[in-house]
1. Return only the number of the condition from (1) among the small types (Gly, Ala, Ser); (2) without any contact (Cβ under 8 Å) to a residue 40 or more places away in the chain; (3) in contact with a Pro (Cβ under 9 Å, 6 or more places away or on another chain) that Ser293 does not satisfy.
2. What pairs can you find where one residue is in the stretch 203-218 and farther than 17 Å from Ala190 by Cα, the other is more than 11 Å from the ligand (Cβ to nearest atom) and among the charged types (D, E, K, R), and their Cβ atoms are less than 6 Å apart, with a gap of 6+ or different chains?
3. Would you mind stating whether Pro138 is out of contact with any helix residue (DSSP H, G or I) (no Cβ under 8 Å at 6 or more places or on another chain), more than 15 Å from the ligand (Cβ to nearest atom) and either of a type outside the set (Asp, Glu) or assigned to a loop (DSSP other than H, G, I, E, B) (or both)?
4. Output the residues belonging to the stretch 207-230 that are assigned to a strand (DSSP E or B) and away from the ligand (no atom under 11 Å from the Cβ).
5. Could you check the stretch 231-244 and list, in sequence order, the residues that are more than 12 Å from the ligand (Cβ to nearest atom) and either crowded, with 24+ Cβ neighbours inside 10 Å or modelled with pLDDT of 85 or more (or both)?
6. In the list Ala57, Ala92, Ala36, which residue meets the criterion of being under 15 Å from Leu280 (Cβ atoms), more than 16 Å from the ligand (Cβ to nearest atom), surrounded by fewer than 22 Cβ atoms within 10 Å (Cβ to Cβ) and of a type in the set (A, V, I, L, M, F, W, C)?
7. Considering only the stretch 67-77, I want to know if a residue exists there that is at pLDDT below 95 and either crowded, with 16+ Cβ neighbours inside 10 Å or β-branched (Val, Ile, Thr) (or both).
8. List every residue pair whose Cβ atoms lie under 6 Å apart, where the two residues are 6 or more positions apart in sequence or sit on different chains, the first residue falls within the stretch 1-24 and is within 30 Å of Val264 (Cα to Cα) and more than 16 Å from the ligand (Cβ to nearest atom), and the second residue, located anywhere, is among the basic types (Lys, Arg) and part of a loop (DSSP other than H, G, I, E, B).
Amino acid sequence: MVDVQIVEVSPRDGLQNDPATLTTEQKVGLVQRALAAGLRRAEVASFVNPKRVPQMADAEDVVAGAAALPGRDDHSLIGLVLNVRGFERAAATAVDEVNLVVAASDSFAQRNQGMSVQDAVRSVAEVVPLALAQGIAPTVTVSTAFGCPFEGEVPVDRLVAVVAELAATGVEEIAIADTIGVAVPADVRARVRAVRTATGDVRLRAHFHNTRNTGYANALAAYEEGVRVLDSSLGGIGGCPFAPRATGNIATEDLVYLLERSGVDTGVDLDALIAASDWLGEQLGRPTPSLVSKAGGFPRGAD
Ligand code: ZN
């Protein structure tokens, strides 16, 4: 058992807003490298309207490719869905989990999903029983959990209220996401503690962007507060097409270095991650924002 589970989000959150468009084969190559490095869960595709997110138009093919990789029984493939229609597309593939999204702020919900927060919660409540009936684990990400690009501060009470409604739907895991990278560790501690009052037995997960260079400190704060599932993206790529100026996710290799050097077992091979990140940079045609991929691990050869 590892101390903390890392969910690799580069194939979806990482690539969906990238100026480069990777082929299906390249996306599957990315998933393959991530899983071979020891990551066990990967968000591989988004079953949203391809007109809105053209980068994800090959979702079915990416899942099929990822599901054919060796070690299938050890891997959990995640597809992002926003509603029942998206769920039905995802359920026709080999995904093991569906991740739904509910914003904590109405303005973001309207721009990102074209619906209110309440309607998004209703979508989750509709999808959860369908997913459970088909043996697909339903999880939900609460976006703008630390701040909204349109409304500014998101009150803690507001976040807790949304999380409480989601926990009541029977979802298996709730992620709190700093979509626009505004959080600092004090926010993380306060919000994790507050949200815990509403989650009951539902597993908590955290998702950080390094927009203001606080992403890694936030991830460590979440871990120290007892969060045992963290999202990250190889190379630190990523953004959100509906969140202005949202820059990359925290980089998987930088996060693994930070955690492993802190004595936290991730089960992931750092050298393999660095090689995967270098490969990803070559596919994108530019170096990725991560630092550990440039500097290497320490001591050399250790991971
Ligand atoms: Zn994100």
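1. Result: Ser293 passes all but (2).
2. Close Cβ pairs satisfying both conditions: Arg203/Glu173.
3. Here the answer is no, as Pro138 does not meet what is asked.
4. Correct list: Val229, Leu230.
5. The answer is Leu234, Gly235.
6. Ala36
7. Checking the stretch 67-77: not a single residue is at pLDDT below 95 and either crowded, with 16+ Cβ neighbours inside 10 Å or β-branched (Val, Ile, Thr) (or both).
8. As it stands, the answer is Val4/Arg228, since those pairs meet every condition given.
The values are calculated or read from the model by the stated rules, or taken from the named source; none is laboratory data. Please read these numbers as outputs of a predicted model, since none were measured by experiment. Counting neighbours? That spans all protein chains shown, and the Cβs are built from the backbone with ideal geometry, glycine included.
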